[in-house]
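Just below is one structure, and these are the notes that go with it.
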Amino acid sequence: MKKIFALLLAVLMVVSLVACTGNEGGAAGTPGAAADSFKDPYAGIEDYDELSRAVYDDVLGEFYKYYQEAMEETSESMRYAKMAIAEAKLLSAGIFLPTTSQGGNYAMTKIAPYTNTPILFGNDTYRFHDRVVTNEPIKAEDIAAMKAKWTELVGTGEYEAYVKSYLAEKGYTIKDTATFYFDADPTYWDVLATSYAADSEILVQTYDGLIEYNMENQPIAALAESYEVSEDGLTYTFKIRQGVTWVDNQNRKVADLKADDFVAGMQHMMDAQGGLEYLVCAGCANIVNADEYIAGTVTDFAEVGVKAVDDYTLQYTLTQPTSYFPTMLGYGVFAPMSRSYYESKGGKFGEEFDSTADSYLYGKGPDSIAYCGPYVITSFTSNNSIVLEANKSYWNKDGNNLKSFTYMYTDGTDHQKMYDDFFNGVVDTLGMTTQRVEIAKNKGTFNDFAYVSETDATTYCGFLNLNRTCYATGADKLGESKKTDDQKARAEFAMLNQHFRLAVVQSIDRGTYNAQSVGEDLKLNSLVNSYTPGTYVNLAEEITVQINGTDKTYPAGTFYGQIMQDQLDADGVALKVWNGTSSAGFDGWYNVEAAKAELKKAIEELKAQGLNISKENPIYLDFPVRGDSDVSKNQKNVMKQSIEAVTDGCIIINLVEYATRDDYLAATYRFNVGADANYDLNDGSGWGPDYGDPSTYLGTMLPDYAGYMTKSLGIF
């Protein structure tokens, strides 16, 4: 178990009496309980970790078994195939429902397409320095023309010049400043101590990685000018770019960048344990002794497989060959950190690290971090704006297309203002909700400027709480459940039944749900049906793998999604995650007939265990909703109506309203352990890939605090 949890979980259950109000009683002696005689299968397990592991083993044990087998494979293609089988087991458990990717909706923009990298993983897609921005809204037909040309030019290094020439020929003028909306303040200003996308998307502008992906999806030298890999595939040696400097947010030099800053950054990341440290551990980056240092069994960081050979030579040593290791290097966990600046702000390493100390000032705001990237954050006003200006000492400042840009806060509710801001030159991009589409149509701008944005590899999900212990959030008891103790106990027991969970997730009309955000005509466009996109990887060679004991041969080029589908079909699970070419753009989960069949099985099995479910005696599930968002309320009502209709009232959804977005996120996203997950069903989170291997998704579902997303299931 991670060091931080070893230290904190002992007090967690005490703190949770304040942070979270739980179920204080059982079913006995409460109204409606007379017909039930079920017993808690985990009665007597008082330790939270032990309980989480017991639930995990019962629900996800089969997934974990196949995942471990996959990670032991030395053949990349065989690993992909076995991961696809593991994911099929994960999906068939019914613990979560993939909903949508990011994008796939109408949008308007002044940013030329693909002038940031379209790469599907990591943080590079959020880097803004290459973006080509115009003063005028770009017509949809011109966006389509540039996208088509990109497919011709990718890999030639000519796309950026083409875009600038094309825009000039079409009468557009290019500018070097831009403004974008943001909807959540950064929670942390230390990129090495956060796992929140809202933080990373802003902080990625402040540092460079060793290598980065350019707008043609090619890896290029950034802070590493070159690197070599040893013959055994275990040692990566990087030559660090010389002449790079660290500055503060007033552009004052504070240090020279050295190889040791990557060592300092890695140690600080492991000390801070912000939630993504598992990425460097066994099963991901496989860095020598990373697991042991994080667990506290190795205390000397010199024993960890990252070291500065000299001022400009950096070396990583792995426990096993990891072909995707270079794809990880642009991600925040590999960011450098100025050791001297960190120490000047009270930062310490190893057992002396204490971010709560009065003397610890690092990362408290944009004025307490050092910068080596293209921009420095010169101004921040909460829920208002974040201003980034060019780093005057940046090693590649002449290569920046944007010299400065601003994030402008919006809560997304004033649709008319957001539309007006775009056409009045205040902002440079505009996502089109159904309300904004209607405004654009009335204004006559829709046909000229609205285009359908690209989907990415993000998977948003609805999660089912397998081990709910929280029924109100915070001292103010936000989102307090109205369920009786009997209703709580019945729901907790039912959630442990696979058929019950499948009945829930297969009874949701995801198309109608998505239409509340993007409109009826695009409602299927961004729907996803698997956790890992089915086209994320394919086989480099022919392999033979067993599907339920039967040999199945797949030729080179077979997509991951095909193998997932074959395993689901072999298991008799009525989920469609692959249509022959894609795992997205259709609804392969909503299945009224299958949901009813699963519910029938659940009712029979649960009755045999002493729990009776009927329309007269339903299961009540709490579902959080944002009270300040019409889209959220409409989406949740669609889910409620769909589940209740398909299950004939045997499942009733309680919509639990939160007044503000921040309150809603506290219950559905911004919690650190499953004990604080205040819901039975939730669609407030998701995952985007960190590197180019399916384990970047599946690794989030590992036990014992190794998986980032298991907390959304109410465990670990």
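The values are calculated or read from the model by the stated rules, or taken from the named source; none is laboratory data. In this text the structure is predicted, and so the values were computed from the model without any measurement. Positions of Cβ are backbone-derived with ideal geometry, glycine not excepted, and every protein chain shown enters the neighbour counts.
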Unique residue being free of Cβ contacts under 8 Å to residues at least 60 places away in the same chain and within 28 Å of Tyr691 (Cβ to Cβ) when the list is Gly561, Gly534: Gly534
Lone qualifier among Thr235, Thr317, Thr313 - being surrounded by fewer than 20 Cβ atoms within 10 Å (Cβ to Cβ), within 30 Å of Met709 (Cβ to Cβ) and in contact with a strand residue (DSSP E or B) (Cβ under 7 Å, 6 or more places away or on another chain): Thr317
Condition met for Leu257 (within 22 Å of the chain's Cα centre (by Cα), among the aliphatic types (A, V, I, L, M) and at pLDDT 95 or above): no
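Just to be sure I understand, how many residues within the range 77-92 are of a type outside the set (D, E, K, R) and either surrounded by fewer than 23 Cβ atoms within 10 Å (Cβ to Cβ) or at pLDDT below 95 (or both)? Explain how you work it out, then say what you get.
Initial filter on the range 77-92 (of a type outside the set (D, E, K, R)): 77-78, 80-81, 83-86, 88, 90-92.
If we keep only those that are either surrounded by fewer than 23 Cβ atoms within 10 Å (Cβ to Cβ) or at pLDDT below 95 (or both) as well, we get 77-78, 92.
Residues flagged as of a type outside the set (D, E, K, R) and either surrounded by fewer than 23 Cβ atoms within 10 Å (Cβ to Cβ) or at pLDDT below 95 (or both) within the range 77-92 amount to 3.
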Residue selected from the range 698-716 under the condition out of contact with any Gly (no Cβ under 8 Å at 6 or more places or on another chain) and crowded, with 24+ Cβ neighbours inside 10 Å, by the criterion nearest to Ile45 (Cα to Cα): Tyr705
Conditions (1) assigned to a helix (DSSP H, G or I); (2) touching a Ser or Thr at 6+ places or on another chain (Cβ under 8 Å): number failed by Val573: (1)
Any hit, the range 595-606, residues being among the basic types (Lys, Arg), closer than 28 Å to Ala457 by Cα and touching a residue at least 24 places away in the same chain (Cβ under 8 Å): no
The lone exception for Thr187 - which of (1) in contact (Cβ under 8 Å) with a residue 60 or more places away in the chain; (2) β-branched (Val, Ile, Thr); (3) more than 28 Å from Arg661 (Cβ to Cβ); (4) loosely packed, with under 15 Cβ neighbours inside 10 Å it fails: (3)
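Check whether at least one residue in the range 536-543 is closer than 20 Å to Thr99 by Cβ and not in a strand (DSSP E or B), and report yes or no. So that I can check it myself, show each step before the final result.
Narrowing the range 536-543 to residues closer than 20 Å to Thr99 by Cβ: 536.
Filter again for not in a strand (DSSP E or B), leaving 536.
So far as the range 536-543 goes, yes, one or more of its residues are closer than 20 Å to Thr99 by Cβ and not in a strand (DSSP E or B).
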Out of Ser368, Ser338, sole residue that is polar (S, T, N, Q) and surrounded by fewer than 22 Cβ atoms within 10 Å (Cβ to Cβ): Ser368
Residue tally, condition β-branched (Val, Ile, Thr) and either touching a Pro at 6+ places or on another chain (Cβ under 8 Å) or more than 28 Å from Ala302 (Cβ to Cβ) (or both), over the range 349-385: 4
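Out of the residues in the range 603-625 that are within 31 Å of the chain's Cα centre (by Cα) and either modelled with pLDDT under 95 or closer than 18 Å to Phe38 by Cβ (or both), state the one that is surrounded by the fewest Cβ atoms within 10 Å (Cβ to Cβ). Quick ask: steps written out before the conclusion?
Residues of the range 603-625 that are within 31 Å of the chain's Cα centre (by Cα), as a first pass: 619-625.
Of the ones still in play, those that are also either modelled with pLDDT under 95 or closer than 18 Å to Phe38 by Cβ (or both) are 619-621.
Details: Ile619: 25, Tyr620: 19, Leu621: 23.
The residue in question is Tyr620.
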Test: residue in the range 656-665 that is closer than 27 Å to Asp36 by Cβ, in contact (Cβ under 8 Å) with a residue 40 or more places away in the chain and in the same structural domain as Met495 (by TED's automatic domain parsing): yes
Filtered residue count, the range 36-56, keeping only those that are farther than 17 Å from Ala675 by Cα, in contact (Cβ under 8 Å) with a residue 60 or more places away in the chain and of a type outside the set (Phe, Trp, Tyr): 5
Inter-residue pairs, beta-carbon under 7 Å, first under 15 Å from Glu492 (Cβ atoms) and in the range 607-618, second surrounded by fewer than 15 Cβ atoms within 10 Å (Cβ to Cβ), 6+ apart: Gly610/Ser37; Gly610/Lys39; Pro618/Gly649
Selection count where residues are part of a helix (DSSP H, G or I) and β-branched (Val, Ile, Thr), scope the range 600-657: 5
Yes/no for Thr535 being among the β-branched types (Val, Ile, Thr), modelled with pLDDT of 95 or more, more than 20 Å from Ser642 (Cβ to Cβ) and in contact with a helix residue (DSSP H, G or I) (Cβ under 7 Å, 6 or more places away or on another chain): yes
Subset of the range 683-716 [outside any helix (DSSP H, G or I) and charged (D, E, K, R)]: Asp683, Asp690, Asp693, Asp704
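Mind checking which residues of the range 664-681 are outside any helix (DSSP H, G or I) and surrounded by 24 or more Cβ atoms within 10 Å (Cβ to Cβ)? Before the answer, list the steps.
Looking only at the range 664-681, we keep the residues that are outside any helix (DSSP H, G or I), and these are 669-673, 677-681.
Within the range 664-681, Ala677, Asn678, Tyr679, Asp680, Leu681 qualify.
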Scan of the range 122-170 for residues that are under 30 Å from Tyr324 (Cα atoms), polar (S, T, N, Q) and touching a residue at least 40 places away in the same chain (Cβ under 8 Å), ordered by number: Asn123, Thr125, Thr156
Residues located in the range 418-435, provided they are of a type outside the set (A, V, I, L, M, F, W, C), within 23 Å of Gln102 (Cα to Cα) and modelled with pLDDT of 95 or more: Tyr419, Asp421, Asp428, Thr429
Criterion: of a type in the set (Lys, Arg), under 29 Å from the mean Cα position of the chain (by Cα) and either at negative phi or exposed (fewer than 15 other Cβ atoms within 10 Å of the Cβ) (or both) - qualifying residue of Lys552, Lys576: Lys576
Among the residues listed as Asp486, Asp521, Asp448, Asp509, the single one being assigned by TED's automatic domain parsing to the domain that holds Ala677 and touching a Pro at 6+ places or on another chain (Cβ under 9 Å): Asp486
